[in-house]
Amino acid sequence: MAFGSPDHCRLSDLGLISAGNGSSTSGSSTSQTALRADCANSSSAAHVSMWDSFKSPTQTQMRSGTTLDDEPEDDTFEVDDNDSSHSSSVTMDSPDTYAVGTYFMSRCWNQNTTFIQNTWDAVTASGTIFSYHTISSSNRSPTTCTWTSTFNGNNLGTGSVYILQSLDGSSAWKKFFGEESSDDFMGRVAASYNRTEAGGGGGGE
């Protein structure tokens, strides 16, 4: 099941998340966890549900809400072999744009902002024009990041890059909000490139 779908949710994982330890891979919290008092941090809430009160947006919502800040013409960045690299940025909707659980933002998202902003990654989706990709350490937040794609020598042609929030399969965050064994992510967008020979010579893979 994709991110944002309840699948074997465990109170121990939610306890780690609400304590700001969503990146933990220890498998369980080290102390007893109370759903209302600890996870919701409330002594008065009448009804607290382990999933409905803490549910996240779905993967589909987070993916559709992730966009390139500099949307290229015809949806493709045009570069040439004089360009050794290219940088751009991505923005994702805040999760509370969607129908999240009452405690998701305050007790889950806001408690784990450092972990979440460090989930941004850039990976080649197609093509041989790329050498590697990096995420800026200074220009990222839970909902934004800047990436740089470095090109592979003088290779010409088309290619694409996924900029996404990749999740550690053993983390409490992923195990509670997604599925431990799946290739899971939160926000994701594809950036397409066309790299030609400088001076208009053209080229292809």
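The values are calculated or read from the model by the stated rules, or taken from the named source; none is laboratory data. Please read all numbers here as calculations on a predicted model, not as lab measurements. Cβ atoms come from the backbone with ideal geometry, glycine included; neighbour counts cover every protein chain shown.
Of note:
- Members of segment 163-181 found to be polar (S, T, N, Q) and surrounded by fewer than 21 Cβ atoms within 10 Å (Cβ to Cβ), listed by number: 166, 170, 181
- When restricted to residues that are of a type in the set (S, T, N, Q) and surrounded by fewer than 13 Cβ atoms within 10 Å (Cβ to Cβ), segment 35-57 contains 2.
- Residue 46 meets the conditions (1) more than 13 Å from residue 176 (Cβ to Cβ); (2) assigned to a loop (DSSP other than H, G, I, E, B); (3) in contact (Cβ under 8 Å) with a residue 12 or more places away in the chain; (4) among the hydrophobic types (A, V, I, L, M, F, W, C) in every case but one. The failed one is (3).
- Of the set (1) on the phi < 0 side of the Ramachandran plot; (2) touching a Ser or Thr at 6+ places or on another chain (Cβ under 9 Å), all apply to residue 137 but (2).
- Residue among 119, 113, 128 that is under 21 Å from residue 90 (Cβ atoms) and surrounded by fewer than 23 Cβ atoms within 10 Å (Cβ to Cβ): 113
- Screening residue 88 with (1) buried (at least 16 other Cβ atoms within 10 Å of the Cβ); (2) among the polar types (S, T, N, Q); (3) out of contact with any strand residue (DSSP E or B) (no Cβ under 9 Å at 6 or more places or on another chain); (4) not in a loop (DSSP other than H, G, I, E, B) gives one miss only, at (3).
- Scanning segment 148-162 for residues that are free of Cβ contacts under 8 Å to residues at least 60 places away in the same chain and buried (at least 21 other Cβ atoms within 10 Å of the Cβ) yields a count of 2.
- Considering 80, 96, the condition of being surrounded by fewer than 17 Cβ atoms within 10 Å (Cβ to Cβ) and either at pLDDT below 95 or of a type outside the set (Lys, Arg) (or both) is satisfied by 96 alone.
- Annotation note: of 140, 63, 107, the sole residue that is of a type in the set (D, E, K, R), more than 30 Å from residue 154 (Cα to Cα) and within 15 Å of the chain's Cα centre (by Cα) is 63.
- Filter result for the condition that a residue is aliphatic (A, V, I, L, M) and assigned to a loop (DSSP other than H, G, I, E, B), over 122, 99: 99
- Condition broken by residue 131, with the remaining ones in (1) of a type in the set (S, T, N, Q); (2) in a loop (DSSP other than H, G, I, E, B); (3) without any contact (Cβ under 8 Å) to a residue 24 or more places away in the chain satisfied: (2)
- On the stretch given as segment 19-35, residues that are at pLDDT 90 or above and over 17 Å from residue 142 (Cα atoms) total 3.
- Residue 74 being of a type in the set (Asp, Glu) and either in a loop (DSSP other than H, G, I, E, B) or in contact with a helix residue (DSSP H, G or I) (Cβ under 7 Å, 6 or more places away or on another chain) (or both): no
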